[in-house]
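The values are calculated or read from the model by the stated rules, or taken from the named source; none is laboratory data. Since this is a predicted model, take the numbers as computed values, not measurements. Every residue, glycine among them, receives a Cβ derived from its backbone with ideal geometry; neighbour counts consider all protein chains shown. Ligands, DNA and RNA are stripped out before the accessible areas are found, and what is left, the full protein with its side chains, is counted by its heavy atoms. Shrake-Rupley method; radii C 1.70, N 1.55, O 1.52, S 1.80 Å.
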Amino acid sequence: MKTRLILYSSLFACTLVAIAACSKKFLNPAPQGTVLQSDYYQNPTEALNGIVAAYNPLSWTTLSSYCPKMVIFNAASDDAYAGGGGASDNPGIQALNTFTIQAATANVPPDLWNRNYSGIYRANLMLQVLPSVPGLSADLLSRYTAEMHFLRAYYYFDLVREFGNIPLILTVLQQNQWFNQLQVKPAQVYAQIEADLGAAIPDLPASINTSTDGGRATKGAAQALLGKAIIYENNTARMTEAAAHLDSVNTSPNYALLSNFGDIFNPLNKFNSESVFEIVHTSASGVTWNNFSDDQGNVGVQMVGPRGYSGPVWESNQAGYGFNPVTLDLVNAMKGDPRYPYTINNIDSLTNANYCSYDKTGYDNTGYFVAKFAPLAAYQSTVGVIPLNWTNDEIEIRLADTYLLEAEALVRGGGAAPSGLTAQNFLDKVRARVGLPSVPATLDNIYNERRLELATEGSRFFDLVRTGQAATVLASKGFQSGRNEVLPIPLQELNNTKLVQNPGYSQ
């Protein structure tokens, strides 16, 4: 997804890239060498460019916090620490790791806010212009419109989990509206997410040609996100409804668990049968340190590698940055689990065996590192600089995730799946794939299985919050109930606006 048309860099500050520029008093009101938005979207090709642009923020990794969402929220969980080179290395992630984050803390809140509102702006724009694009067929209009509803739902799902009370914007704002937006309660955001996904599902394709369209939304992705969103709303009376949406995915012939757990994360195995929705990363732009703004590579891969690494298998020319050292709590929880070697790298033991060496003085170092997204030398980029051009995709929703979500919904709702499958069936499928025996389908066992199956993929923090376990499990990290369930609203979004800071955070 490389076409960049419009970047709404903040909710209240618009920057038009590639086809337009925001006018300021000292600029020519009709700048030369650009294409004004009002003159664009005049044919199906330009419409497709706008669709691609709406997907584009999904893969942003190198903004000011210099990493993908996965690395950020691993640090907020009991799966990993912040790590890095020291207590001041990427201060936003450090502050999230210790739950000392404030609105003025650099990096994290603005990056997450900007990424998602940029996507929402682009989706809103395309929903506005698509009906009037000359020559656009009815089938393409239906599909493109459905994709924009899906993306808007996705971006809002991220925002409501990250910030709680947020502005709900469904149109392209005029300049005189930028500073007058009000926040709404999460329930209203979730209602819109459901409405958007309900609008998207009928017109999204059941499957796509991944060689040309890999990363685009499908019917299954929308059904999975809808079921997931209802579960996050935490209304027990709706668990059977959530299970029904997830069951449509979990019984679809378009998806299947891979027989080898480790193959899920192989960069050469993108869009595999277990992937329901995948965020694409590419080295196609071959960016360098001189032009890496909004890089489409996955720099998170470089970030989780051991610092100062020297040896075989892992990339050692640039070495890793030492972020997300795995906690001993997760290590102990996974010992003996067949997923362990695909999830955690014990670099200390390899160093002690003279297999390699690395800098053990990295911050919060435990000797254990993320394996699912490790910077393996075999997959390093041959263009641009290595750290910025890793092509490892982020599988945002995968089948084992939806199996376990449906199992949870069935237990909580006490109902039956439309397919006739039970919570026990879905839990057993996940465990049997890695050769583990059946355990009773209790909520505790399902939640534990989610941790082991999805470890270091960035979902653990949100699972702890939504299930009410965060205050207990994350107490040693400083988590405060009633405050740290969400992030602070970024400071620059509060200035001269009507937004109100989340409880417990200073301005």
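Below, the figures for the structure above:
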{"item": "Residue that is least open to solvent (accessible area, probe 1.4 Å) [pool: residues in segment 346-366 that are more than 10 Å from TYR309 (Cβ to Cβ) and of a type in the set (Gly, Ala, Ser)]", "result": "GLY362"}
{"item": "All positions within segment 290-315 that are over 24 Å from the mean Cα position of the chain (by Cα) and either open to solvent by 50 Å² or more (accessible area, probe 1.4 Å) or of a type in the set (D, E, K, R) (or both)", "result": "ASN290, ARG307, SER310, PRO312, VAL313, GLU315"}
{"item": "Residues that are assigned to a loop (DSSP other than H, G, I, E, B) and more than 18 Å from THR98 (Cα to Cα), drawn from segment 460-488", "result": "THR467, GLY468"}
{"item": "One residue from LEU399, LEU427 being within 26 Å of PRO253 (Cα to Cα), without any contact (Cβ under 8 Å) to a residue 60 or more places away in the chain and within 26 Å of the chain's Cα centre (by Cα)", "result": "LEU427"}
{"item": "Members of segment 367-391 that are within 17 Å of ILE344 (Cα to Cα), buried (at least 20 other Cβ atoms within 10 Å of the Cβ), in contact (Cβ under 8 Å) with a residue 60 or more places away in the chain and of a type outside the set (Gly, Ala, Ser)", "result": "PHE369, VAL370, LYS372, PHE373, PRO375"}
{"item": "Matching helices (runs of 4 or more DSSP H) fully within segment 82-183 where at least 1 residues are out of contact with any Pro (no Cβ under 8 Å at 6 or more places or on another chain) and modelled with pLDDT under 95", "result": "91-97, 108-129"}
{"item": "Pairs, first under 11 Å from ARG161 (Cα atoms) in segment 458-469, second of a type in the set (Val, Ile, Thr) and assigned to a loop (DSSP other than H, G, I, E, B), C-beta under 9 Å, six or more apart", "result": "VAL465/VAL486"}
{"item": "Qualifying positions in segment 123-136 - open to solvent by 10 Å² or more (accessible area, probe 1.4 Å), of a type outside the set (S, T, N, Q) and closer than 13 Å to MET148 by Cα", "result": "LEU127, VAL129, PRO131"}
{"item": "ALA256 being surrounded by fewer than 24 Cβ atoms within 10 Å (Cβ to Cβ), in contact with a Leu (Cβ under 8 Å, 6 or more places away or on another chain) and either polar (S, T, N, Q) or at pLDDT 95 or above (or both)", "result": "yes"}
{"item": "Whichever residue in segment 158-183 is of a type in the set (A, V, I, L, M, F, W, C) and open to solvent by 20 Å² or more (accessible area, probe 1.4 Å) and, among such residues, is nearest to LEU499 (Cα to Cα)", "result": "LEU182"}
{"item": "Where a residue in segment 64-77 is over 15 Å from VAL301 (Cα atoms) and its partner, wherever it lies, is at pLDDT below 90 and assigned to a loop (DSSP other than H, G, I, E, B), with Cβ under 9 Å and at least six apart", "result": "SER64/ALA106; SER64/ASN107"}
{"item": "Subset of segment 332-369 [under 25 Å from ALA432 (Cβ atoms) and within 25 Å of the chain's Cα centre (by Cα)]", "result": "ALA333, MET334, ARG339, TYR340, PRO341, TYR342, THR343, ILE344"}
